[in-house]
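Each value in this text was obtained by applying a stated rule to the coordinates, not by laboratory testing. Here the structure is a predicted model, which is why all the values come from computation and not from measurement. Ideal geometry is used to build each Cβ from the backbone, glycine not excepted, and the neighbour counts take in all protein chains shown.
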Amino acid sequence: MDTNFYQDWQIRKPVVRGGGGVVTSHFRAAAEAGADVLRAGGNAVDAAVAASFAISVIEPWMSGPGGCGYMLVYLAAEDRVRCIDYGTIAPDGLDPEDYPPAAGEGGDIFPWPAVVEDRNVHGYHAIALPGQVDGVGFAWEHYGTKAWADLLAPAIELAERGLPVNWMTTLRITAAMPDLLRYPESRNIYLPGEVPPVPMLGKPVPHIPMGQLKDTLQRLADAGHRDLYEGDIAVRIVADLQAGGSSMTLDDLGAYHAREVDPLERPFGDGRLFAAPGLTAGPTMFEVLDETKGKVGKGAPGPSEYALWATALDRAYTDRLATMGDTDNRRSPGSTTHLCVIDKDGNMVSLTQTLLSVFGSKVVLPATGILMNNGILWFDPRPGRPNSLEPGKRPLTNMCPVMATRDGKPWFAVGASGGRRIMPAVMQVSSMLAEGGMEFEDAFHHPRIDVSGDGRATLDTRLGSDVETAVAAHMPVFREEQTPYPNAYAKPNGVMHDPATGESLGMADVMNPVSGAVAE
């Protein structure tokens with residue numbers, strides 16, 4: 001009996017066009033916050049800051065002040081791309097002996113061997129240094145134009161109102177319920193009465209209080225982003241962390257600084273492609289592109305392109321997982337959401353931020369209302385490997401924001417959420433645009449494959465038997481439908497400049513019901 005019950009979805013989202021810029025986000029309300037900044041005369045970085053904080057409030061299971069990320073910024077006046085690295089770091093006092101092996105497989109979203117009590121998955125021992133606020137603040141200091149407090153105002157307003165309880169909220173909280181119940185403040189916020197909040201048909205959307213988060217955001221607006229690392233917020237964070245058993249100290253937070261680095265760059269199609277370097281998925285994506293260069297035809301991809309991508313992705317992920325890691329600790333150059341912005345002047349931002357797992361460590365710190373990451377999970381718990389867990393070390397991450405330019409002008413910016421599935425999706429969408437010459441809207445709707453290190457290829461059910469045959473000649477094939485939940489494929493969004501009309505285009509993830517693109 002066939003146990004695969006496919007829905008055969010036929011879902012489309014229209015491309016959004018605007019003359020004054022576009023913001024795309026996994027949550028439309030965050031895109032609205034960014035677009036409002038563009039309307040008020042802000043640039044792409046200003047809009048990205050507002051959207052970044054806003055989505056941290058209304059999509060807390062994916063990212064927030066307790067997380068980390070990477071941002072690419074295209075400076076149109078200089079035809080130059082910069083990368084802001086605010087990835088996480090293990091605390092200096094972390095002891096790998098606190099993560100002894102256990103029987104079986106653990107690792108949540110990664111196939112790591114199990115660790116006793118899942119200490120690298122949830123709880124205070126899973127928490128690494130949060131880079132999110134310093135990274136976004138760094139970008140604003142160097143490239144923003146609007147007042148910092150004004151950019152945080154939408155997030156503060158959203159936090160004061162509370163978390164909207166729609167069906168996605170209920171679904172996400174329910175899936176994480178066993179671990180959220182372990183931690184008192186997480187339980188108090190997300191599971192009032194120790195049951196998931198549920199919207200009621202025919203009634204206004206309810207909102208649940210978010211603890212001290214609104215006051216913390218207001219403090220950041222008043223005192224500046226470094227307060228989370230050197231000020232009152234830092235003191236509150238460390239007190240809560242150490243009470244829960246974390247080794248993180250005020251010295252750890254004070255020593256953390258986001259950094260600006262050169263992006264990876266290479267010719268791509270009719271333009272140039274840029275990606276985040278170091279311990280992101282950017283180097284692995286470029287390895288794939290080096291293998292497939294000149295072999296992708298014009299138009300929609302066919303069986304030969306999918307087979308080519310599958311084999312190149314398989315080899316690149318094998319190499320990535322065997323060789324990449326931080327070998328120089330902090331001195332090394334180095335569940336997720338993504339947003340993109342393009343403004344009227346052609347400046348672009350491609351920003352990926354994350355807590356890693358859904359709801360990160362599952363720990364909300366009582367004194368600040370900040371939901372903390374579980375960045376320790378990125379490390380391989382086995383010793384003696386390039387990405388093994390060590391104090392003061394940066395982990396290998398999956399984030400892959402990219403952007404492209406053409407003839408010295410902005411072209412497109414793309415990124416995605418989805419763990420190890422991020423890079424294959426970003427690579428395919430980028431290739432469809434830059435090498436295949438597909439229309440922006442069509443590239444985001446076109447079915448994709450996923451090959452991300454588990455020894456097989458996952459094929460969208462809309463792809464024909466000819467694609468399955470071509471890919472199956474190289475590796476096992478698994479058929480999976482693209483659905484709102486669970487996510488077998490990454491969830492990309494992006495923006496583009498249309499030279500024919502001078503307009504900005506935006507596409508949000510097609511299968512995400514709450515994602516959106518908003519034009520200025």
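Remarks
- Two-site FRET efficiency, Asp466 against Leu250, from Cβ-Cβ distance with R₀ of 45 Å, rounded to 0.05: 0.15
- Rounded to whole numbers, the Karplus 3J(HN,Hα) couplings from phi for the range 272-277 are 10, 10, 10, 9, 5, x Hz, using 6.51 cos²θ - 1.76 cosθ + 1.60 with θ = phi - 60°, and x at Gly and Pro.
- Subset of Lys298/Lys409; Lys293/Lys344; Lys293/Lys409; Lys146/Lys214; Lys293/Lys393 violating a 28 Å alpha-carbon distance limit: Lys293/Lys344; Lys293/Lys393
- Note on the range 266-322: Cα-only Rg and Dmax are 12.0, 35 Å.
- Distance distribution P(r), the range 1-147, all Cα-Cα pairs, bin width 10 angstrom from 0: 9, 27, 26, 21, 14, 2, 0 percent.
- For the pair the range 420-490 / the range 132-147, the C-alpha centres are spaced 35 Å from each other.
- Relative frequency of Cα-Cα separations exceeding 17 Å in the range 480-520, percent: 42
- Cα point-scatterer Debye curve for the range 295-404, base-10 log of I(q)/I(0) at q = 0.14, 0.19, 0.22 Å⁻¹: -0.87, -1.16, -1.21
- Computed P(r) (all Cα pairs; the range 177-230; 10 Å bins; percent): 21, 32, 30, 15, 2
- Extension gain from Ala149 to Val116, taking 0.36 nm per residue of separation minus the Cα-Cα distance: 7.6 nm
- In percent, rounded to a whole number, the relative contact order of the range 439-480 is 37, using alpha-carbon pairs under 8 Å and six or more apart.
- A simple rule links phi to the HN-Hα coupling: the Karplus curve 6.51 cos²θ - 1.76 cosθ + 1.60 with θ = phi - 60°, which for the range 122-130 gives 9, x, 5, 6, 8, 8, 10, 4, x Hz, with x for Gly and Pro.
- Length-normalised contact order for the range 361-519 - Cα pairs under 8 Å, 6+ apart - percent: 17
- Model label points for Asp232 and Glu105, set 7 angstrom from Cα along the Cα-to-Cβ axis, are 4.8 nm apart.
- In a simple Cβ point-charge model (Lys, Arg +1; Asp, Glu -1; nothing else charged), the range 1-126 has a dipole of about 900 debye relative to its Cα centre.
- Extension gain, Glu160 to Asp262: 0.36 nm times the residue separation minus the Cα-Cα distance gives 32.9 nm.
- Unit Cα scatterers, Debye sum, the range 207-307: log10 I(q)/I(0) for q = 0.11, 0.12, 0.16 Å⁻¹: -0.65, -0.70, -0.82
- Rough spin-label spacing in nm, given labels placed 7 Å along Cα→Cβ, for Lys293 and His207: 5.2
- Binning the alpha carbon pair distances of the range 387-520 at 10 angstrom intervals from zero yields the distribution 11, 37, 31, 17, 4, 0, expressed in whole percent.
- Converting phi to 3J(HN,Hα) with the Karplus coefficients 6.51, -1.76 and 1.60 and the offset θ = phi - 60°, the range 164-176 yields x, 9, 10, 5, 5, 4, 4, 4, 5, 5, 4, 5, 9 Hz in sequence order, with x at every glycine or proline.
- FRET efficiency, 1/(1 + (r/R0)^6) with R0 30 Å, evaluated for Asn188 and Ala223 via beta carbons: 0.70
- For the range 126-285, projected area of the alpha-carbon convex hull averaged over all directions, nm²: 13.6
- Once the Cα gyration tensor of the range 405-479 is diagonalised, semi-axes √(5λ) in Å: 26, 14, 10
- Cα-based radius of gyration of the range 453-495 once divided by 2.2 N^0.38 Å, which approximates compact folds: 1.29
- Note on the range 347-428: Cα-Cα pairs beyond 20 Å make up 52% of the total pair count.
- Figure legend: label point modelled 7 angstrom from the Cα of Asp215 along Cα→Cβ; residues of the range 335-378 with amide N under 13 Å from it are 366-370.
- Alpha-carbon centroids, the range 491-516 and the range 49-117: separation in whole Å: 25
- The chain, dipole about Cα centre (Lys/Arg Cβ +1, Asp/Glu Cβ -1), debye to the nearest 20: 480
- Entry note: the chain has Rg to Rh equal to 0.94, where both radii use alpha-carbon atoms and Rh is the Kirkwood radius.
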